[in-house]
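Each reported figure results from applying straightforward, stated rules to the coordinates on display, with no laboratory input. If you're wondering where the values come from, they're calculated on a predicted model, not measured in any experiment. Note: ideal-geometry Cβ built from the backbone for every residue, glycine included; neighbour counts use all protein chains shown.
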Amino acid sequence: MVERIPISKDGYQKLKAELEQLERVDRRAVVKAIEVARGHGDLKENAEYHAAKERQGMIEARVLELKDKLGRAEIIDCTKVSTERAVFGTVVSVLDLETEEELTYQLLGPEEADVKKGSISVLSPLGRSFLGKEVGDEVFAKTPGGTREFEILRISSAGNES
């Protein structure tokens, strides 16, 4: 059985756009760069040729990876998730009980997680510790910096996702 990967509609569209860019633009550009570099003669000592071939390998690997992720994607509309508990797609506001700082994170998949933009992976230690919790629950999260303690203040759905 194929393991499904939860992803937001927005995250799915971003991966799809990246795949199109790689297949329609980057792939063609690297093939052209290889042709030009081949015209420069001896391939053994041709740095341009080797750099272009390496780039081609990286593009092809990413294309395969994206096709796999898109094929296994389970698209979740983050505007319609239940907010009774912290689940994939919800926005969770917590109080760090050590620093008294309020933090807000959207729980997303690993491909979409970006702490600087306020999203964390449901597979991260912090994300996993929030899953299934309700407002008022205290949460202990084992992080690389040690155990942290939080209180769940609010759980809401994502604002307006495209």
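Counting only strands (runs of 3 or more DSSP E) wholly contained in region 69-154, the ones carrying 2 or more residues that are surrounded by fewer than 19 Cβ atoms within 10 Å (Cβ to Cβ) and in contact (Cβ under 8 Å) with a residue 60 or more places away in the chain occupy 73-76. A single member of Val63, Val2, Val25 is of a type in the set (A, V, I, L, M, F, W, C) and over 30 Å from Gly89 (Cβ atoms), and it is Val25.
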